[in-house]
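Reading through the structure tokens given below for one structure.
The values are calculated or read from the model by the stated rules, or taken from the named source; none is laboratory data. Treat the numbers as computed from the prediction; the structure is a model and nothing was measured. FYI the Cβ positions are ideal-geometry reconstructions off the backbone, even for glycines, and counts take in every protein chain you see. Each accessible area value is taken on the protein alone, full model and side chains, heavy atoms only, with ligands, DNA and RNA left out. Shrake-Rupley method; radii C 1.70, N 1.55, O 1.52, S 1.80 Å.
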Amino acid sequence: QEDLEALIAEFQSLDAKKTQVIESSCPPPSPRLNGSLSAHPEKDELILFGGEYFNGQKTYLYNDLYVYNIRKSSWAKVDIPNPPPRRCAHQAAVVPTAGGQLWVFGGEFASPSGEQFYHYKDLWVLHLATKTWEQIKASGGPSGRSGHRMVACKRQLIVFGGFHESARDYIYYNDVYAFNLDSFTWSKLAPSGIGPAPRSGCQMSTTPEGSIIIYGGYSKQRVKKDVDKGTLHTDMFLLKTEGVGKEEADKWAWSRLSPSGVKPSPRSGFSAAVGPNNRSLLFGGVHDEEEEESIEGDFFNDIYFYDMGKNRWFPGQLKGPKSEKKKRRRGRQTETQGAGDEEMEKQPPQGPVEIVKEVVAEDGTVMTIKQVISGPADEEERSESEEEDGALGQQVEPCPRSNAMLAVKHGVLYVYGGMFEVGDRQFTLSDLYSIDLHKMEEWKVLVEMDPKAQEWLEESESDEEDDDIEGAEGGEEEEESSEEESEDEEAGGEQHPSVQPGEKHTDYLSRTEQYWIQLARSNMGPDAKEKKVVKVAHAMAKTVYEDLV
């Protein structure tokens, strides 16, 4: 914990040097997952904050703020002084107060090795009108956690669940907290009734009446020494206030929901949003098959809608401007129908047909893509359409993924980033897709990416970390404006060794290593282990090098 806190403190001291808001147009953000994407309450903009990226050797955490202009299809990076520390798996909720506010709670910071975690319990607000970050210090809030869920409900932020992991143990939560947006105070709710078991990564949405719906999620339990058993939850609950009088406004009650329709197949890592027509929705995710030695994941790219008024689930079917679009819809259909489904599959004209394609990446990695074609599958028709559409065939929809970021604006769903795995390799995405939820005709590609072109570094055996990883942050550094670079250089130059013209990261590190080790040692105290001190020193040096270059 101490060395992570030292690293976070060092990052914050670098952030503190930024004294003015700098907004600069930039290429699309680098690949990431577990960030937050939020729709601006007043403008046609999406706000991306935080997230993480893993390149096979190192984990990178972000606290960048990006704004996507929907009308212009353009990205801008907004540097605001004193932002929250770098994090992922946090929660963000938007309220329309005073020109719009983005509230951020919790999340986690990981060491570069990805083996240690620090869980935040801080609460921040981004004032969208004035472009200022403010930390709200209020006692009595939730303990540090990530994977929790938070929604704005009337004049409150409601936080549910999540988990906390340390080197020795982990704990999943099912507690509920409310933060009052008028009095700026936290209160722990004590709802009556039986609520959900502890979990993280669930779907949490508010109904127009001010109730809250919880679906699914993931948790694990230790069954014996060093053996954990994961659970994919598929149950559903309603949390509502009892009574309408002011006195009773804070009395909450849990009840179990038994929805009708076709529920999503069991999965974790799905993303959720609230769409038009009183419907919440769920996108993607993964179903892990835990074998003795390894975990094989089945990734999804389907959409499921939950109609809050009718208490009913149904899969999102693409209508397609041409019937062909519908046939190429990838993503597995639910398997809850049992034998009925099997019979349908024997008669392809009536049911979904699964096609498995193998794509070989340049480095020899084989990617298996499962594709479900819904509706009648006439071979002749399909091959004609593929000739017509040519290479566009693959772009009709997002590839299957988990941990993507979703936002809905004007009835249009936006899906950004996320990840999928092939064997031991993780592909992190930076693409952006949209679909009109009113029409449900077709996906549109707003930002493309080729995951096969992404760098992947095999784990190095040595303790000496291989630090000359160029471009690991997806070229973000090029996005900085030249004013900012010179400012950073002046600010950085006062305290940390500056980078010489054309100096590579490895050369910078070997030249300045003793300085960073002393700095890390002063932050971590005399009792810290040498190996940890060196690790933190290298991480600090890398961050400063990248800020200065």
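If you take the residues in segment 531-545 that are of a type in the set (D, E, K, R) and at pLDDT 80 or above, which one is farthest from the chain's Cα centre (by Cα)?
Taking the candidates together, the pick is LYS535.
Do we find that LEU128 is touching a His at 6+ places or on another chain (Cβ under 8 Å) and in the same structural domain as VAL223 (by the TED database) in this structure?
yes
Kindly indicate whether PHE11 is within 14 Å of the chain's Cα centre (by Cα) and modelled with pLDDT under 95.
The answer is no for PHE11.
Whether any residue in segment 476-493 is closer than 20 Å to ASP15 by Cβ, open to solvent by 40 Å² or more (accessible area, probe 1.4 Å), modelled with pLDDT of 80 or more and not basic (Lys, Arg) is what I want to check.
Within segment 476-493, none of the residues are closer than 20 Å to ASP15 by Cβ, open to solvent by 40 Å² or more (accessible area, probe 1.4 Å), modelled with pLDDT of 80 or more and not basic (Lys, Arg).
Here are some conditions: (1) open to solvent by 30 Å² or more (accessible area, probe 1.4 Å); (2) outside any loop (DSSP other than H, G, I, E, B). LEU123 meets all but one. Which one does it not meet?
With (1) open to solvent by 30 Å² or more (accessible area, probe 1.4 Å); (2) outside any loop (DSSP other than H, G, I, E, B) applied to LEU123, the lone miss is (1).
Here is a list of conditions, (1) out of contact with any His (no Cβ under 7 Å at 6 or more places or on another chain); (2) among the hydroxyl-bearing types (Ser, Thr, Tyr); (3) closer than 19 Å to GLN221 by Cβ; (4) at pLDDT 95 or above, and SER146 meets all of them except one; can you say which number that is?
(1)
Might you let me know whether segment 223-231 holds any residue that is in the same structural domain as GLY309 (by the TED database) and surrounded by 14 or more Cβ atoms within 10 Å (Cβ to Cβ)?
yes
Starting from segment 516-543, keep only residues that are touching a residue at least 24 places away in the same chain (Cβ under 8 Å) and farther than 23 Å from ASN63 by Cβ, then list their pairs with residues that are open to solvent by 20 Å² or more (accessible area, probe 1.4 Å) and assigned to a loop (DSSP other than H, G, I, E, B) whose Cβ atoms are within a distance under 9 Å, requiring at least 6 positions of separation or different chains.
Close Cβ pairs satisfying both conditions: LYS531/ASP463.
Could you check ALA6 against (1) out of contact with any Phe, Trp or Tyr (no Cβ under 9 Å at 6 or more places or on another chain); (2) over 20 Å from PHE117 (Cα atoms) and say which number it fails?
(2)
Based on what the data block shows, is PRO41 outside the structural domain of GLY525 (by the TED database) and in contact with a Ser or Thr (Cβ under 8 Å, 6 or more places away or on another chain)?
Judged against the criteria, PRO41 is not a match.
Being more than 21 Å from PRO451 (Cα to Cα), in contact (Cβ under 8 Å) with a residue 60 or more places away in the chain and hydroxyl-bearing (Ser, Thr, Tyr) is the filter here; which residues of segment 54-75 pass it?
Within segment 54-75, TYR68, SER73 qualify.
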